[in-house]
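As structure tokens, the structure follows; a few thoughts come after it.
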Amino acid sequence: MKSCLAVAAIVLVGVGSLAGCGTDPKSSMGFTLPDGNAKQGETLFTSFQCYECHTVAGVTVPESQSPDQTIVRLGGEVSRIKTYGELVTSIINPSHRLPNRYHAEQVTTDEGASQMTNYNDVMTVTELIDLVAFLQSQYTLSEYEPTVYPPYY
Ligand code: HEC
């Protein structure tokens, strides 16, 4: 009987801690990438023709040949650097979150999905890692400028 209670307690604690931490099995917790080769990533950006729909702040990339395509700027000054997880998600699951600086209709298809090309069956994991390393190195943190309030009399 005692051991039964002990087991029940352990199970309860286990369930409790699971619920408490809220560890969603689909959580990205524990996600980490090996170091990528940013230089190689820059080359891949051109070979995968990402430039058809993107520019990268401060980097010279070929010009888009798709005049009707919304050009989404990557890199540059941001208030928070994009994490590896966010960049990987943007590439392998682009519809997951659309950048809020564009109107949805500028970056989505009629069905509401991202206009971005699906590379999941053509890109190797190494290529993905290198692209992410390249892109992440292009973001800089914008300086925080405190609001200057005039003196109050
Ligand atoms: C046919 C057009 C198209 C191509 C080609 C394309 N993208 Fe995109 N991409 C988009 C659009 C549109 C968005 C904005 C909507 C979204 O987030 O899915 C986007 C979003 C992104 C974002 C997130 C931007 C942000 O600020 O949230 C990243 C990162 C990205 N693309 C990387 C790439 C890379 C790397 C390639 C090449 C391997 C590529 N894209 C090729 C259209 C494209």
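Every number in this text was worked out from the coordinates using simple rules, so none of it is lab data. Just so it is clear, the model here is predicted, and its values are computed rather than measured. Cβ sites come from the backbone with ideal geometry, for glycine too, and all protein chains shown count toward neighbours.
Brief remarks follow.
- Scanning the stretch 119-133 for residues that are assigned to a helix (DSSP H, G or I) and within 16 Å of the chain's Cα centre (by Cα) yields Val125, Glu127, Leu128, Ile129, Asp130, Leu131, Val132, Ala133.
- Criterion: without any contact (Cβ under 8 Å) to a residue 60 or more places away in the chain and under 20 Å from Leu141 (Cβ atoms) - qualifying residue of Ser79, Ser90, Ser27: Ser90
- Residue identified as surrounded by 11 or more Cβ atoms within 10 Å (Cβ to Cβ) and more than 28 Å from Phe31 (Cβ to Cβ) among Thr70, Thr89: Thr70
- Every condition in (1) within 12 Å of the ligand (Cβ to nearest atom); (2) polar (S, T, N, Q); (3) loosely packed, with under 13 Cβ neighbours inside 10 Å is met by Asn118 except one, and the failing one is (3).
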